[in-house]
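Structure first, commentary second.
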Amino acid sequence: MVALTTGNAKAALRDRGDDLYETPAVATEALLRVEPLPNKIWEPACGPGAIVGVLRDAGHEVIAGDLVDYGCPMSFKGIDFLMETRAPHNVECVVTNPPFKLANQFVAKALDLCPKVVMLLRLAFLEGTGRSPIMDSGHLARVHVFRNRLPMMHRAGRGTQVAKTNTSAMAFAWFVWDRNHQGPTQLKRISW
């Protein structure tokens, strides 16, 4: 088996716990360069605040929350996004890196609650017939695929055993759903 530190093997689900992998700041910075976002954003799986910090530094108001308290400043703790029935007041966009084991449910729930949904997902999210309702709805507006692999995302509690400059073996992209989108999905290549 390939060592987990190389990014070439998938950790067992039981080892992934709540499936928190911190988003590298460069991923969110790249998103801000290519995708217009409203001022008020909801980050429902904020973890320690990797995405939240970059968005707030860029001047966005971010409503942050998570099921687990990972120490994100100014966030709501113990919030199960999948149980939410409405978006926070005046929020029209969700931006998150969801727990991958719940990515389908996160996308579907976000689309129910907000007109614009932006999620950092593995490029392989494009595959699979089980995702047809969210992928083939006509609302997937853009997929921003990274030309170069993102820096390694470290699992919560694992520390930085691998240098943060090491890249992942997995390809990632920002997937953008927009209820107002008309026409085919645009595939764009971006760099960090």
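Of the conditions (1) more than 12 Å from Val95 (Cβ to Cβ); (2) open to solvent by 20 Å² or more (accessible area, probe 1.4 Å), Gly49 satisfies every one except a single condition; which number is it? It fails just one condition, (2). Here the helices (runs of 4 or more DSSP H) wholly within the range 20-126 that include at least 1 residues being modelled with pLDDT of 95 or more and within 19 Å of Ser137 (Cβ to Cβ) are 103-113.
Conditions tested, residue by residue: (1) of a type outside the set (A, V, I, L, M, F, W, C); (2) under 20 Å from Trp177 (Cβ atoms).
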position: Asp66; (1), (2): yes, no
position: His89; (1), (2): yes, no
position: Asn97; (1), (2): yes, yes
position: Val117; (1), (2): no, yes
position: Met152; (1), (2): no, no
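Screening Val68 on (1) under 16 Å from Tyr21 (Cβ atoms); (2) open to solvent by 50 Å² or more (accessible area, probe 1.4 Å); (3) free of Cβ contacts under 8 Å to residues at least 60 places away in the same chain shows it passes everything except condition (2). Does Leu123 meet the test of being surrounded by fewer than 18 Cβ atoms within 10 Å (Cβ to Cβ), closer than 29 Å to Lys40 by Cβ and within 16 Å of the chain's Cα centre (by Cα)? Yes. Restricting the range 21-46 to residues that are open to solvent by less than 20 Å² (accessible area, probe 1.4 Å) and of a type in the set (Ser, Thr, Tyr), the residue that is nearest to Cys93 (Cα to Cα) is Thr28.
The values are calculated or read from the model by the stated rules, or taken from the named source; none is laboratory data. From a predicted model like this one, the values you see are computed outputs, not experimental measurements. FYI the Cβ positions are ideal-geometry reconstructions off the backbone, even for glycines, and counts take in every protein chain you see. We work out accessible area using only protein heavy atoms, side chains counted, and drop any ligands, DNA or RNA first. Shrake-Rupley method; radii C 1.70, N 1.55, O 1.52, S 1.80 Å.
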